[in-house]
Amino acid sequence: MSDGHHNGHEHVPSRQRRRFPGISSRAYEHPADRSALVALRKLSGFDTVFKALSGLLPERSLRLLFLSDSVRVSDRQFAHLNVMLRDACYILDLEKVPPMYVNQDPTPNAMCIGLDEPIIVVTTGLVELLDEEEMRAVVGHEVGHALSGHAVYRTILLFLTSLAVRVAWIPLGNVAIMAIVTALREWFRKSELSADRAGLLVGQDLQASMRGLMKIAGGNHLHEMNVDAFLEQAEEYEAGGDLRDSVLKILNVLPRSHPFTTVRAAELKKWAASRDYQRIMDGHYPRRDEDKDTSVRDSFRESASHYATHVRSSKDPLMKLVNDIAGGAGDLGDRMRRGFGGFTGGSQPRPPKDGGGSADGPAGPDEGPEAPGGPQGSGGDGPESPRDGSPRDGA
């Protein structure tokens, strides 16, 4: 990296970790992140708002605010965070190390914002809550946001959220803004799953990532908490309740910028056990210099495959209903076809005798020649299998 030396010191990780030269953000981006961003960009009015805000947002003012009212991380201030930041940029091969600030706020939080260049901000509440390895994963998380180009959309989300409050009194003035804010929040929740993966690639310590998420949920009482029990909460959250609870889950998450911590932990553990993660750790991953050749169609296909798999494997009552409906549509069509074709006790259609009689009617052998409709009688399906074109096509 171009900034590999500073003040005479070579910046390499404090312990031996794998490095990923030229890694593309595609390597760790969650499929839902990419598809949500595509949907966001297609939202009516988003391009107009984006272009307008890109020129209006006070980028310089934002930087001056943190410069004047926060502590900038450096070799002389929060030196341990500075080492983590440079480690993260070294591992993910981010050439320009973004400025990082510590802001006085008891609420544990971190963010990557900025339009021209990303800025990383962490709160004192977070710094005091996490140990070194847990914090390393968080710093890697934010560097992942920077590498993915998420800072711009996060900045616009913060601005529009504030603007929505200011114009709430104007009739209908809030509707258009809130539509974009809602779409931005949906995308940002998905982008957090991508950044969690980047944090794991930087920290390369799954247990530290799990502990960090658990502490964000339950505070600094690690001796009172258990990672396995925490992950069981995620499973209970997903599978528990009925359809009413499924709707409540959706309503609960809508105003949030982040997914629930138990869900994040479960998603990260699942990815850490995947072949995709192992391939990255073995040095096989997409490179930035290949990004221009990336097929948008392949990205759509990957996202669609992810959602289909998610619906099929989900234990959520609503997702199970969607899956049952999708999978059962063919069976239902099959049953209706057989039902309207004549009731034969579930047997296969009988071929006509001597060219006469109904192909699948209940008529006896004496009625063959006189049965109306000849061999093309009431069923219309002839000797075809009643399974053709049903569940396989609908699944």
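The values are calculated or read from the model by the stated rules, or taken from the named source; none is laboratory data. Just so you know, these numbers come straight off a predicted model, no measurement behind them. Methodologically, a virtual Cβ is constructed for each residue, glycine included, from the backbone with ideal geometry; neighbour enumeration extends over all protein chains shown.
Among the residues of region 18-32, those identified as under 13 Å from LEU147 (Cα atoms), within 14 Å of the chain's Cα centre (by Cα) and part of a loop (DSSP other than H, G, I, E, B) are TYR28, GLU29. How many of the residues making up region 93-108 are surrounded by 18 or more Cβ atoms within 10 Å (Cβ to Cβ) and over 28 Å from TYR28 (Cα atoms)? Counting residues in region 93-108 that are surrounded by 18 or more Cβ atoms within 10 Å (Cβ to Cβ) and over 28 Å from TYR28 (Cα atoms) gives 1. Of the listed requirements (1) in contact with a Pro (Cβ under 7 Å, 6 or more places away or on another chain); (2) farther than 18 Å from TYR28 by Cβ, CYS112 misses just one: (2). Please go through region 54-109 and pick out each residue that is small (Gly, Ala, Ser) and either in contact with a Lys or Arg (Cβ under 7 Å, 6 or more places away or on another chain) or at pLDDT 95 or above (or both). Those that are small (Gly, Ala, Ser) and either in contact with a Lys or Arg (Cβ under 7 Å, 6 or more places away or on another chain) or at pLDDT 95 or above (or both): SER74, ALA79, ALA88. Is it the case, given these coordinates, that GLU117 is of a type outside the set (Val, Ile, Thr) and modelled with pLDDT under 85? No; evaluated as a whole, the condition is false for this residue.
To keep it simple, each residue is scored yes or no on (1) out of contact with any Phe, Trp or Tyr (no Cβ under 8 Å at 6 or more places or on another chain); (2) at pLDDT 80 or above; (3) not in a helix (DSSP H, G or I).
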{"site": "PHE230", "(1), (2), (3)": "yes, yes, no"}
{"site": "GLU238", "(1), (2), (3)": "yes, no, no"}
{"site": "GLY241", "(1), (2), (3)": "yes, no, yes"}
{"site": "ARG244", "(1), (2), (3)": "yes, no, no"}
{"site": "VAL247", "(1), (2), (3)": "yes, no, no"}
{"site": "ARG256", "(1), (2), (3)": "yes, no, yes"}
{"site": "PRO259", "(1), (2), (3)": "yes, no, yes"}
{"site": "ARG264", "(1), (2), (3)": "yes, yes, no"}
